[in-house]
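Colleague: The structure is given below, and queries will be raised subsequently.
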Amino acid sequence: MATLGNRKNTADIIERHRFDFRKKFGQNFLIDNNILEKIIEAAQITKDDCVLEIGPGIGTLTQRLAEEAGEVIAVEIDKNLIPILNETLADYDNVTIINDDILKVDINKIVEERGERPVKVVANLPYYITTPIIMTLFEKHVPLHSVTIMVQKEVADRMKVGPGTKDYGALSLAVQYYAKPEIVTKVPAACFMPRPNVDSAVIRLTRYEDTPVKADDEAWLFAVIRASFNQRRKTLANGLANAGNLSINRQQVEETLAEMGLPTSVRGETLTLEQFSELANRLLKKRT
Ligand code: SAM
């Protein structure tokens, strides 16, 4: 079957099915075969793998995934795309299409049912769910091998950067706690139909077997991190002391910072993951 990863073949199928793009579902279909191949190469898929694809669209990436993987599970929210997928994926007997919202699907169950078979997520993600889906996959400890995704370029940068940069924040720390991030390629807006307003990037996140720091209570660590970045232009001490859900007071925060040799005026964006982990572990012991 001719690739869908170009403008003409994508336009033809959309016209033939009288498909209307729905902005609310973040529908920007990939029309560049070179980028498609870069995603496939970065995902390092073998016939032993099961790939979970989020948002297959008209099946452009799905066809290539089906050729490389043992099995593909593609979850698409838009029911109007299902007849198109049934047509474009008719030649592949290793693809299961699920018409549902990925945020409502029990991903842990899908992975557990695969037993020993490694599950890799590969997707050109609808941008509006990038952060929730990443946080769900990692916080629920879905035992995935890797996640190779197309996201907004600015979001890929946020996942990758370290302390001291303007993009560094709760998402950077969450991603780097669970996985090693590597930017695969930048992707200009012209590679999509319709063309989005922003550039994109492909990022590969390889899950660590053991997290790089030891948090005494993971949920508490992330509550501390979120509170530290809540008031971005204010100090970390303000963010923590004003967070109603943490039950810690200013004195406890200032004491802890002093124990760690940090000034009370320190800002969240300057602390490393190791420092956040130490701060959270110390605060946990002082919590009233
Ligand atoms: N994979 C296709 C490609 O690369 O051309 C389409 C990518 S498009 C950026 C995002 C796709 O995700 C769309 O098909 C959209 O309908 C679907 N989608 C949006 N929200 C979703 C959700 N919550 N669950 C599952 N699919 C979703």
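The values are calculated or read from the model by the stated rules, or taken from the named source; none is laboratory data. Small disclaimer: the values here were computed from a predicted structure and weren't measured. As a convention, Cβ positions derive from the backbone with ideal geometry for all residues, glycine included, and neighbour counts pool all protein chains shown. Just so you know, the surface numbers come from the protein's heavy atoms only, side chains and all, with ligands and any DNA or RNA stripped out. Shrake-Rupley method; radii C 1.70, N 1.55, O 1.52, S 1.80 Å.
Colleague: Filter the stretch 116-162 for residues that are open to solvent by 60 Å² or more (accessible area, probe 1.4 Å) and over 24 Å from Lys47 (Cβ atoms) and give the result.
Modeller: Within the stretch 116-162, Tyr128, Glu139, Lys140, His141, Glu154, Arg158, Lys160 qualify.
Colleague: What are the pairs with Cβ atoms under 8 angstrom where one residue, in the stretch 21-34, is of a type in the set (Gly, Ala, Ser) and the other, located anywhere, is in a loop (DSSP other than H, G, I, E, B)? Sequence gap at least six, or different chains.
Modeller: Close Cβ pairs satisfying both conditions: Gly26/Gly55; Gly26/Leu125; Gly26/Pro126.
Colleague: For the stretch 179-193, which residues satisfy the criterion of being open to solvent by 50 Å² or more (accessible area, probe 1.4 Å) and either assigned to a strand (DSSP E or B) or closer than 30 Å to His141 by Cβ (or both)?
Modeller: Lys180, Glu182, Ile183, Val184, Lys186
Colleague: Kindly indicate whether Lys109 is within 10 Å of the ligand (Cβ to nearest atom), free of Cβ contacts under 8 Å to residues at least 12 places away in the same chain and surrounded by fewer than 17 Cβ atoms within 10 Å (Cβ to Cβ).
Modeller: Answer is no for this residue.
Colleague: If the requirement is being modelled with pLDDT of 95 or more and open to solvent by less than 10 Å² (accessible area, probe 1.4 Å), which of these qualifies: Ile40, Ile45, Ile82, Ile54?
Modeller: Ile54
Colleague: With the requirement that a residue be among the basic types (Lys, Arg) and more than 23 Å from Asp167 (Cα to Cα), what does the stretch 242-288 give you?
Modeller: Result: Arg250, Arg282, Lys285, Lys286, Arg287.
Colleague: Further question: Report, ordered by the first and then the second residue, all pairs with beta carbons closer than 7 Å, sequence separation of six or more or different chains, a first member in the stretch 116-138 that is in contact (Cβ under 8 Å) with a residue 40 or more places away in the chain, and a second member that is more than 15 Å from the ligand (Cβ to nearest atom) and in a strand (DSSP E or B).
Modeller: From residues that are in contact (Cβ under 8 Å) with a residue 40 or more places away in the chain, the pairs are Arg117/Cys50; Val119/Cys50; Lys120/Ser146.
Colleague: Still on this structure, I have one more. Could you grab me the full set of residues in the stretch 112-154 that are away from the ligand (no atom under 11 Å from the Cβ) and within 19 Å of Leu61 (Cβ to Cβ)?
Modeller: Once the filter is applied, which keeps residues that are away from the ligand (no atom under 11 Å from the Cβ) and within 19 Å of Leu61 (Cβ to Cβ), the stretch 112-154 yields Pro118, Val119, Lys120, Val121, Ile134, Leu137, Leu144, His145, Ser146, Val147, Thr148, Lys153.
Here's the yes/no breakdown for (1) buried (at least 17 other Cβ atoms within 10 Å of the Cβ); (2) at pLDDT 90 or above; (3) part of a helix (DSSP H, G or I):
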| position | (1), (2), (3) |
| --- | --- |
| Arg195 | no, yes, no |
| Ile203 | yes, yes, no |
| Ala219 | no, yes, yes |
| Ala223 | yes, yes, yes |
| Arg232 | no, no, no |
| Leu240 | yes, yes, yes |
| Gln252 | yes, yes, yes |
| Thr256 | yes, yes, yes |
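Colleague: Same structure again: Filtering the stretch 13-23 down to residues that are within 25 Å of Ile102 (Cβ to Cβ) and either hydrophobic (A, V, I, L, M, F, W, C) or modelled with pLDDT of 95 or more (or both), which residue is farthest from the ligand (Cβ to nearest atom)?
Modeller: His17
Colleague: Right, next: Checking the condition more than 15 Å from Met193 (Cβ to Cβ), open to solvent by less than 60 Å² (accessible area, probe 1.4 Å) and within 9 Å of the ligand (Cβ to nearest atom), which residue from Thr62, Thr10 passes?
Modeller: Answer to the check: Thr62.
Colleague: Restrict the check to the stretch 121-129 and report whether at least one residue is at pLDDT below 95 and farther than 29 Å from Asp20 by Cβ.
Modeller: No, the stretch 121-129 has no match at all.
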